[in-house]
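Written below as structure tokens is the structure these notes are about.
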Amino acid sequence: MPSTGYVALAALSRRRLSDDEITAITSELILRLRCPISTADVGMHINRVTDDMPSPDDVELIQRRLEAIGYVRG
């Protein structure tokens, strides 16, 4: 991003979960909860890690990661 002229645009862009955050959230959900893990559970853990409201895309990303390792939606 250029150093000038894009401050307002950068402020409006949505933060994305990092790979480390995805791993941390997924691991915490698996350790703390039993199947099925609901979208509310996922959203709460995203909020806990990022201190921000979870986007539907972030919730879906975590749900897909959980499904890939054998956990199902609630």
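Values in this text are rule-based calculations from the coordinates and carry no lab data. In this text the structure is predicted, and so the values were computed from the model without any measurement. Here the Cβ is made from the backbone with ideal geometry for all residues, glycine too, and neighbour counts use every protein chain on show.
Assorted remarks:
- Given in Å, the Rg to one decimal and the Dmax to the nearest whole number for the Cα atoms of the stretch 16-68 are 9.6, 26.
- Full-extension gain in nm, Arg64 to Ser38, via 0.36 nm per residue minus C-alpha separation: 8.1 nm
- Order of Asp20, Asp41 under a 10 Å beta carbon neighbour criterion, fewest first: Asp20, Asp41
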